[in-house]
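A.B. asks: Mind having a look at this structure? Questions to follow.
The values are calculated or read from the model by the stated rules, or taken from the named source; none is laboratory data. Because the structure is predicted, anything quoted here is derived from the model rather than measured. Note: ideal-geometry Cβ built from the backbone for every residue, glycine included; neighbour counts use all protein chains shown.
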Amino acid sequence: MGSFLISNPQVIYKQTSAPAVVAGGLWYDTDDFELYFSNGAAWTKITDASSAGNESFISKLSLEVLRLAVDATLTTPDYNFMFCDYFTDADGADNTINSGGSSSRFDTSLYTNDTPETSAHGETPWNDDGAYNTKMGMKVDFDEIETVTGITKDAGSQATNGYLQTSKTSGIVASGSFVGNTCIFDAPYTVAASTNYYVCVDKAGASWNFRKVAGTSFPIANNGVNWTACFAASLEETNASKGVASIIMGGTISDSFIRTTAEALDNAPTFIFLYAENSITGTSSINYDVSFNGGTSWDSTGNSLNTKIPVTDGSGKSMVIKINQNKGADDDIATVSNYAALLWN
């Protein structure tokens with residue numbers, strides 16, 4: 001009978017035969033004195049240097065070390081044989097991303113192949129309309145399924161918080177705080193088509209002056225959103241707008257790429273292995289091109305992630321990686337939040 005230890009988030013088994021695979025698990029074979037890890041599908045010997053799974057394990061481990069270095073005062077890895085970057089900003093924690101030469105959109109801690117769209121009712125507030133201490137905003141519906149990521153307000157509004165709700169007074173499905181006049185929700189929300197929603201603002205229960213457009217006739221249709229009425233508490237009317245200026249949505253999805261800066265190598269590599277922490281939906285995909293002459297030409301293109309790729313000519317010793325985020329046949333989203341490149345000399 002085998003024994004195991006719990007070491008969050010991993011399970012470590014000590015026994016002679018392979019246990020059932022557990023994602024993130026470790027197994028020490030007490031017969032052969034070998035250590036294995038599992039990706040959830042199979043056990044891979046950590047001491048087997050030819051294993052692609054082991055290479056992915058090393059890459060992920062290096063990224064975890066880099067994450068720690070972002071949050072603490074640790075020394076980052078030696079990049080002579082490992083290049084990696086964690087996307088804390090558009091250039092990455094180690095500034096290896098050429099943000100100006102990349103077509104993908106940076107969003108918080110990742111790059112994505114979608115571009116946000118906005119819908120505004122287009123009416124300009126004309127006065128302060130007194131103090132208020134509860135939510136007010138606009139009643140809307142959408143022509144098709146959309147991912148709503150935030151809202152904007154008029155510059156004169158004192159509101160601090162924004163919401164997407166299923167009724168005037170309750171049913172919050174997304175929320176966030178304003179930075180300037182923009183509120184990006186803590187998590188995006190996918191709305192249904194031809195269904196009423198309420199986008200609204202407040203000052204967390206405190207009194208605030210709001211802005212009002214009077215004499216306007218709603219509904220107003222713009223960019224797939226129908227602005228049908230305004231509301232304050234139980235009041236609903238179609239000749240004024242209050243609080244919310246526009247809605248921010250997921251937007252257009254296209255093929256895009258993340259390009260790194262040219263990284264100097266000590267030696268000409270013979271193989272490269274790229275790991276990228278990512279999320280893909282539907283038919284979207286991610287692959288990469290690599291250059292060893294500073295991006296003048298590509299040594300190989302369309303390479304698969306997590307695969308050991310031979311280098312044709314690494315003598316230029318100036319590496320540029322282009323991570324391709326492809327929308328696929330159904331215009332789906334692909335995101336990348338960091339990468340690690342392992343090189344063999």
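A.B. asks: Can you tell me which condition residue 329 does not meet? The list is (1) surrounded by fewer than 23 Cβ atoms within 10 Å (Cβ to Cβ); (2) in contact with a strand residue (DSSP E or B) (Cβ under 8 Å, 6 or more places away or on another chain), and all the others hold.
C.D. replies: Single failed check for residue 329: (2).
A.B. asks: Does the stretch 319-327 include one or more residues that are in a loop (DSSP other than H, G, I, E, B), within 30 Å of residue 140 (Cβ to Cβ) and not assigned by TED's automatic domain parsing to the domain that holds residue 159?
C.D. replies: For the stretch 319-327, residues in a loop (DSSP other than H, G, I, E, B), within 30 Å of residue 140 (Cβ to Cβ) and not assigned by TED's automatic domain parsing to the domain that holds residue 159: present.
A.B. asks: OK, next. Mind checking which residues of the stretch 306-319 are out of contact with any helix residue (DSSP H, G or I) (no Cβ under 8 Å at 6 or more places or on another chain) and surrounded by fewer than 22 Cβ atoms within 10 Å (Cβ to Cβ)?
C.D. replies: Within the stretch 306-319, 309, 310, 311, 312, 313, 315, 316, 317, 318 qualify.
A.B. asks: Six or more apart or on different chains, Cβ under 8 Å: which pairs go from a residue in the stretch 155-170 that's hydrophobic (A, V, I, L, M, F, W, C) to one that's part of a loop (DSSP other than H, G, I, E, B) and crowded, with 16+ Cβ neighbours inside 10 Å? Could you list them?
C.D. replies: From residues that are hydrophobic (A, V, I, L, M, F, W, C), the pairs are 159/203; 159/243.
A.B. asks: Further question on the same structure: When the residues of the stretch 209-241 are narrowed to those that are at pLDDT below 70 and in contact with a Gly (Cβ under 7 Å, 6 or more places away or on another chain), which ends up nearest to residue 142 (Cα to Cα)?
C.D. replies: 239
A.B. asks: Which of (1) surrounded by fewer than 20 Cβ atoms within 10 Å (Cβ to Cβ); (2) under 30 Å from residue 286 (Cβ atoms); (3) β-branched (Val, Ile, Thr) is the odd one out, the single condition residue 148 does not satisfy?
C.D. replies: Looking at each condition in turn, residue 148 falls short on (1).
A.B. asks: Also, I was wondering about something else. For the stretch 268-290, does any single residue satisfy the condition of being touching a helix residue (DSSP H, G or I) at 6+ places or on another chain (Cβ under 8 Å), among the acidic types (Asp, Glu) and touching a residue at least 60 places away in the same chain (Cβ under 8 Å)?
C.D. replies: Among the residues of the stretch 268-290, at least one is touching a helix residue (DSSP H, G or I) at 6+ places or on another chain (Cβ under 8 Å), among the acidic types (Asp, Glu) and touching a residue at least 60 places away in the same chain (Cβ under 8 Å), which makes the answer yes.
A.B. asks: Next up: Only one of (1) in contact with a Cys (Cβ under 7 Å, 6 or more places away or on another chain); (2) over 19 Å from residue 101 (Cβ atoms) is not met by residue 327, so which one is it?
C.D. replies: (1)
A.B. asks: Condition first: outside the structural domain of residue 164 (by TED's automatic domain parsing) and either aliphatic (A, V, I, L, M) or under 30 Å from residue 169 (Cβ atoms) (or both). Can you find one or more residues in the stretch 235-246 that meet it?
C.D. replies: The answer is no; no qualifying residue exists.
A.B. asks: Which strands (runs of 3 or more DSSP E) does the stretch 169-278 wholly contain that include 1 or more residues that are buried (at least 20 other Cβ atoms within 10 Å of the Cβ)?
C.D. replies: Filter on the stretch 169-278 gives 172-179, 182-191, 197-202, 208-214, 225-232, 240-242, 244-253, 256-259.
A.B. asks: Scan the stretch 117-139 residue by residue and report those that are part of a strand (DSSP E or B), at pLDDT 85 or above and not hydroxyl-bearing (Ser, Thr, Tyr).
C.D. replies: Within the stretch 117-139, 117, 120, 136, 137, 138, 139 qualify.
A.B. asks: Moving on. Only residues that are out of contact with any Phe, Trp or Tyr (no Cβ under 7 Å at 6 or more places or on another chain), β-branched (Val, Ile, Thr) and more than 21 Å from residue 182 (Cβ to Cβ): list them for the stretch 131-167, please.
C.D. replies: Across the stretch 131-167, the qualifying residues are 134, 145.
A.B. asks: Out of 345, 338, I need the residue that is touching a residue at least 40 places away in the same chain (Cβ under 8 Å) and surrounded by fewer than 17 Cβ atoms within 10 Å (Cβ to Cβ). Which one?
C.D. replies: Answer to the check: 345.
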